[in-house]
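J.: Sharing a structure with you now.
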Amino acid sequence: MEGRKKLLIVTQHFWPEAFRVNDLAAGFIERGYEVDVLCGLPNYPKGEWFSGYRYTGPRRETHDGVNIIRAGEIRRKGNTGLRIFLNYVSWPVCAVANLWRLKGPYAAVLCYNTSPVLMNLPAILYAKTHRVPLTSYVLDIWPENLYSVLPVKNRFLRGVAHWVSDWHYRRCDRLIAMSESLRRRLCERTKKPEAAVAVIPQHCEDFYAVPIHDEALAARFAGRFNLVFTGNFSPAQSLETVIKAAVKARRQGADALRLVLVGDGMSADALKALAKELDAGGTVEFLPSVRPEQVPAYTALADVLVASLSASPDLGMTVPAKIASYMAAAKPLLASMDGEGAAAVAEAGCGLVSAAEDVDALAANMAALCAASDEQRTEMGRRAFAYYETHYRRRAVLDRLEEFILRGNQE
């Protein structure tokens, strides 16, 4: 171990929860680093403790060579607004109380910042106290992303949320944005120089590019035109738009079309109720969430993969990670969203794009791809994979991350 550089990653969500930071940490281990991760106790997305975990622990583990230090949190049980708020606030407070458990010295600190922005707090305090360069990977910009989950209308509370968010971003030495428009927004809000904010997209794990042929699944979904969505069911995904569009497209003549929703999350009950209300039992099928490594079994059976977002200009500032994994599967894409994600699909020429929450346009695109020839859809899939190789492959993204977060030790 002597002579190896040591990195600290701070993030509320880590293995066995399914986030790309798991693969990121493993990638740094493969490159010869020693990696510590300060994280929470796994309960996302259902809000229930994963098997083998409870509030009291385990508080220290090792996985794929990564040293995991867990701080407590109030679980998201029920995924109500109050429980999500308590979850957002509790982990950073508990993580700060656990900073003494970290055994540096570290060459750099990386905060893998999904929601909430408060996730930066323990990283900031540790980095400033120990004079270690801190980079925050801004995956969900706040407070904008907060409003897609919790409908905060009070102007005073919104002002407080904006001030708190900017306070955290300004105190990081460097920021990583996933798009040029997000980089501009962060530079404007933090007054940081352009060199301190890099544009680096989320990488896509290599296994998404290796299809899994499951004979049982193939037989179950044979003879249909399968539109497949995989991932988290949250308000930000606007899956109600996808369900309504699928029902509309089928009623307008796309008889073979079926929508398969693989996943779970806070919107699951509402989506199932909507499908029942629309009498969509023959059109929409819900399947339970699976581990990321199992997702290629479902993308392999898809004729088309579907990605959607709600109509928010702030959500449109980033390319959803789902777009990268879908492109790796070499299948045509249907994108119901605005902004950077829609632009990536259009630039790749790998599918059809409609505006966020536009049911009629999405239904028309569903019908168009259903009517397209096998050759046309195969060519779209080929273009998707080519775009993935150029923009989202793991090795290239890790190269850029490594150079950027360690730059502070070379200046």
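J.: Considering only C-alpha atoms, what is the centroid distance from the stretch 233-272 to the stretch 147-194, in Å?
T.: 31 Å
J.: Given the options CYS370, GLY339, ALA396, identify the residue whose Cα lies farthest towards the positive end of the charge dipole of the stretch 297-409 (+1 on Cβ of Lys, Arg; -1 on Cβ of Asp, Glu).
T.: Toward the positive end, the furthest listed residue is ALA396.
J.: How much net charge surrounds ALA386 when only other residues with a Cβ under 12 Å from its Cβ are counted (Lys, Arg +1; Asp, Glu -1)?
T.: Residues close to ALA386 contribute a combined charge of 0.
J.: Provide the packing ranking of 113-122, 249-258, 319-328, i.e. peptides ordered by the mean count of other C-beta atoms within 10 Å per residue, highest first.
T.: Highest to lowest by the protection proxy: 319-328, 113-122, 249-258.
J.: Another question, if that's okay. Over the stretch 151-245, one equal point on each Cα, no solvent: what is log10 I(q)/I(0) by the Debye formula at q = 0.14 Å⁻¹?
T.: -0.85
J.: Work out the length of the dipole vector of the stretch 154-298 about its Cα centre, built from +1 on the beta-carbon of each Lys and Arg and -1 on the beta-carbon of each Asp and Glu, and round it to the nearest 20 debye.
T.: Roughly 800 debye, rounded to the nearest 20.
J.: Quick one: what are the phi-derived ³J(HN,Hα) couplings along the stretch 81-88, Karplus 6.51/-1.76/1.60 with θ = phi - 60°, whole Hz, x for glycine and proline?
T.: x, 5, 5, 5, 4, 5, 5, 4
J.: Under 10 °C and 1.306 mPa s, how fast does the stretch 88-137 diffuse according to Stokes-Einstein, given a Kirkwood radius computed over C-alpha pairs? Answer in µm²/s, whole number.
T.: Translational diffusion coefficient: 144 µm²/s.
J.: Let me ask another. Show me the ranking of peptides 230-239, 133-142, 385-394 by mean Cβ neighbours inside 10 Å, starting with the highest.
T.: Peptide ranking by packing, descending: 133-142, 230-239, 385-394.
J.: Which entry in (i) 45; (ii) 41; (iii) 55 is this structure's computed percent of Cα pairs over 30 Å apart?
T.: It is the one labelled (ii).
J.: Write down the percent of antiparallel bridges among all DSSP beta bridges whose residues are both part of the stretch 40-190, to the nearest 5.
T.: Given both bridge residues lie in the stretch 40-190, the antiparallel proportion sits at roughly 40 percent.
J.: Considering only DSSP beta bridges with both partners in the chain, what is the antiparallel share in %, to the nearest 5?
T.: Once the DSSP bridges in the chain are tallied, antiparallel ones form about 10 percent.
J.: Rg (Å, one decimal) plus Dmax (Å, integer) for the alpha carbons of the stretch 212-345?
T.: When restricted to Cα atoms, the stretch 212-345 yields Rg and Dmax of 14.1, 41 Å.
J.: With only Lys, Arg, Asp and Glu charged, each at its Cβ (+1 for the first two, -1 for the last two), find how big the charge dipole of the chain is about the Cα centre; round to the nearest 20 debye.
T.: 1400 debye
J.: Once both axes come from the Cα atoms, what is the angle between helix 394-405 and the longest principal axis of the chain, in degrees from 0 to 90, rounded to 10?
T.: Helix 394-405 and the main axis of the chain meet at about 30 degrees.
J.: Can you give the log10 of the normalised intensity I(q)/I(0) at q = 0.16, 0.19 Å⁻¹, computed with Debye over equal Cα scatterers of the stretch 282-411?
T.: -0.86, -1.14
J.: About its Cα centre, what dipole magnitude does the stretch 46-147 give when the only charges are +1 on Lys and Arg Cβ and -1 on Asp and Glu Cβ, stated in debye to the nearest 20? Write out the running numbers ahead of the final one.
T.: Details: 13 positive and 6 negative charges, 82 e Å.
So the dipole magnitude of the stretch 46-147 works out to roughly 400 debye.
J.: What part of the accessible area of the stretch 177-267, given as a whole %, is carbon or sulfur when the probe is 1.4 angstrom?
T.: Looking at the stretch 177-267 in its full context, I get 50 percent from C and S.
J.: Only helical DSSP H runs with n ≥ 4 go in: add -39500 (n - 2.57) per run for the chain, normalise by residue count and round the 222 nm mean residue ellipticity to 500 deg cm²/dmol.
T.: -12500 deg cm²/dmol
J.: When ligands, DNA and RNA are left out and all protein chains stay put, how many square angstrom of accessible area per residue does the chain have with a 1.4 Å probe?
T.: On the way: 17170 Å² over 411 residues.
Heavy-atom SASA per residue in the chain reads 42 Å².
J.: Is the stretch 212-274 best put as rounded, prolate or oblate by its Cα gyration tensor, with a ≥ b ≥ c the root eigenvalues, rounded for a/c under 1.5, and otherwise prolate when a/b is larger than b/c, oblate when not? List each step's numbers first, then the result.
T.: Details: a/c = 2.65, a/b = 1.22, b/c = 2.17.
In terms of gyration-tensor shape, oblate.
The values are calculated or read from the model by the stated rules, or taken from the named source; none is laboratory data. Given the structure is predicted, the values throughout are model-derived calculations rather than measurements. Note that we place each Cβ from the backbone using ideal geometry, even for glycine, and neighbour counts take in every protein chain shown. Each accessible area value is taken on the protein alone, full model and side chains, heavy atoms only, with ligands, DNA and RNA left out. Shrake-Rupley method; radii C 1.70, N 1.55, O 1.52, S 1.80 Å.
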